[in-house]
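See below for the structure under consideration.
The values are calculated or read from the model by the stated rules, or taken from the named source; none is laboratory data. Computed from a prediction, not measured in an experiment: that's the story for all the values here. Note that we place each Cβ from the backbone using ideal geometry, even for glycine, and neighbour counts take in every protein chain shown.
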Amino acid sequence: MIRKDIIELFRVPPGKKIRLRDYNPGWAQTKEMKELGKDDIKERARIILEKNLEDLAEAQERLWADDRYAVLVVLQALDAAGKDGTIKHVMSGVNPQGCQVFSFKKPTAEELDHNFLWRYMRCLPERGRIGIFNRSYYEDVLVVKVHPELLTAQKLPPGKQGKAFWEARYEDINAFERHLVRNGTIILKFFLNVSKKEQKRRFLERLETPEKHWKFSASDLAERGFWDQYSAAYEEALSATSTDWAPWHIVPADHKWATRAIVADILTTAMLGLDLRYPEVTEAQHQALEQARQQLERE
């Protein structure tokens, strides 16, 4: 497991206004890490990820059997930060029957005829399952805030759409998440913090590698032009919605191996802390099992 003091570097303290420039997107998060060197830290991250994948598979089975909790993982990031790869690697050992992934695109006409949380409510994991939101309801205080013209499509009642409007949306999100937590959903939120320099490198790699051309979209480059606006929107959203019941973690994303180890460790630690148990067998069930065993042995 990653040391608790290291994990705390990524956790957004509730009620604190944060600045993304204070969070290092690279692998060297402490002086100690720098002294150990990149190769050493990368090898430790590999070992941590492997161990967490084993523990996560066991915890997921207990989650299913226990049937009291659900786990919701929220992944937010700018383009090319590694959300898809994180899901692929962190969840590689989990039983597919106990995990569901939703990637939210442009809302449909039906979805726009409901409140902004509606389409996400429909995809929440039931008890016993891990649900992953690849982008989420936070898009409605991020991309919609950067592009306020999108609010027109939401057919909202007349009213000003200034600071108070966005603060109300943060309140709605906090209340929504608190309701989920009170009813047994564990919420883990990750912002994959990629630097502008690294995003450029990954975009160029997609353009220079034929097998990755399909990953590149002209809209990705267009959105890169709003980097500062997105950074400001994320700072406000993370500051306003990191709570005791649903905290945000700002995960360094310039090195994918570091991102995956950190996300896996936080997820696994949270699930292991739930005291999940297999259902206890009653005396009557024990007797039925013994009868079944005896019947099979007589065949």
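Values as computed for the structure displayed
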read-out: Failed condition for residue 161, given (1) modelled with pLDDT of 95 or more; (2) assigned to a loop (DSSP other than H, G, I, E, B); (3) of a type outside the set (Lys, Arg); value: (1)
read-out: Selection within the range 147-183 - exposed (fewer than 15 other Cβ atoms within 10 Å of the Cβ), under 26 Å from residue 275 (Cβ atoms) and not basic (Lys, Arg); value: 179, 183
read-out: Residue match in the range 74-85 (condition: free of Cβ contacts under 8 Å to residues at least 24 places away in the same chain, crowded, with 16+ Cβ neighbours inside 10 Å and not polar (S, T, N, Q)); value: no
read-out: Pairs where the first residue, in the range 1-25, is within 20 Å of residue 82 (Cβ to Cβ) and without any contact (Cβ under 8 Å) to a residue 40 or more places away in the chain and the second is polar (S, T, N, Q) and surrounded by 11 or more Cβ atoms within 10 Å (Cβ to Cβ), C-beta under 8 Å, 6+ apart; value: 6/29; 6/30; 9/29; 9/30
read-out: Residues within the range 2-14 that are outside any helix (DSSP H, G or I) and at pLDDT 95 or above, tallied; value: 7
read-out: Residue within the range 57-64 that is more than 21 Å from residue 5 (Cα to Cα) and among the acidic types (Asp, Glu) present; value: yes
read-out: Selection from the range 103-123 of residues that are closer than 25 Å to residue 236 by Cα and touching a strand residue (DSSP E or B) at 6+ places or on another chain (Cβ under 6 Å); value: 103
read-out: Test: residue 173 is part of a helix (DSSP H, G or I), among the hydrophobic types (A, V, I, L, M, F, W, C) and touching a residue at least 24 places away in the same chain (Cβ under 8 Å); value: yes
read-out: The range 193-213: number of residues that are more than 30 Å from residue 12 (Cα to Cα) and touching a residue at least 40 places away in the same chain (Cβ under 8 Å); value: 1
read-out: In the range 86-107, residue nearest to the chain's Cα centre (by Cα) [restricted to those that are exposed (fewer than 13 other Cβ atoms within 10 Å of the Cβ) and part of a helix (DSSP H, G or I)]; value: 88
read-out: Hits in the range 252-283 (condition: assigned to a strand (DSSP E or B) and either modelled with pLDDT under 90 or more than 12 Å from residue 7 (Cα to Cα) (or both)); value: none
read-out: Number of the condition not met by residue 110 [criteria: (1) more than 16 Å from residue 58 (Cα to Cα); (2) not in a helix (DSSP H, G or I)]; value: (2)
